[in-house]
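Notes for the one structure printed next.
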Amino acid sequence: MTREEKNLLYTKLVETNPKAELKGDTIPYTSLNGNMYSYFSKDDVVALRLAEDVRKEFLKKYKTKLMEAYGIIQKEYVAVPESLLKKTAELKHYFDLSYKYAASLKAKPSKKKK
């Protein structure tokens with residue numbers, strides 16, 4: 001699958017949640033209260049931020065791994081397998097759990113200058 005095809009599938013996934021807003025130009029992502037909970041990496045991988053119990057279930061069920069970016073393993077993010085990315089309806093459940101997890105986190109102050 002090309003980067004464009006994967007990006008379209010990621011956009012389609014984000015659109016399944018009316019509360020989610022796609023941000024970012026070069027690296028598309030979603031965030032809530034200053035906490036990022038999903039993104040489409042420069043390496044063409046969609047990452048979801050999940051609570052520990054859901055993360056363990058996801059890793060086992062989809063035989064995937066924690067997300068790695070710039071040589072750093074991101075402990076709260078899972079890499080979404082390409083085969084699952086194609087199944088928007090199935091992946092929506094985890095995207096919604098990712099949103100819910102982000103909503104439970106302490107809000108981070110905005111860095112934008114007023």
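With respect to the conditions (1) open to solvent by less than 10 Å² (accessible area, probe 1.4 Å); (2) among the aliphatic types (A, V, I, L, M); (3) part of a loop (DSSP other than H, G, I, E, B), ALA107 falls short on a single one, namely (1). The number of residues in the range 73-90 being hydrophobic (A, V, I, L, M, F, W, C), more than 17 Å from LEU8 (Cβ to Cβ) and open to solvent by 50 Å² or more (accessible area, probe 1.4 Å) comes to 1.
Taken over the range 1-23, the residue count meeting the criterion of being open to solvent by 40 Å² or more (accessible area, probe 1.4 Å) and either of a type in the set (Lys, Arg) or more than 21 Å from GLU82 (Cβ to Cβ) (or both) is 6. Restricting TYR39, TYR62, TYR70 to those that are among the hydroxyl-bearing types (Ser, Thr, Tyr) and buried (at least 21 other Cβ atoms within 10 Å of the Cβ) reduces the list to TYR39. Condition (residue is basic (Lys, Arg), in contact (Cβ under 8 Å) with a residue 60 or more places away in the chain and either in contact with a His (Cβ under 6 Å, 6 or more places away or on another chain) or not in a strand (DSSP E or B) (or both)) applied to the range 82-93: is it met by at least one residue? Scanning the range 82-93, I find at least one residue that is basic (Lys, Arg), in contact (Cβ under 8 Å) with a residue 60 or more places away in the chain and either in contact with a His (Cβ under 6 Å, 6 or more places away or on another chain) or not in a strand (DSSP E or B) (or both), so the answer is yes.
The values are calculated or read from the model by the stated rules, or taken from the named source; none is laboratory data. Since we're looking at a predicted model, the values are computed, not measured. Positions of Cβ are generated from backbone atoms using ideal geometry, with glycine treated the same way; all protein chains shown enter the neighbour counts. To get the accessible areas, we keep the full protein, side chains included, count just its heavy atoms, and leave off ligands, DNA and RNA. Shrake-Rupley method; radii C 1.70, N 1.55, O 1.52, S 1.80 Å.
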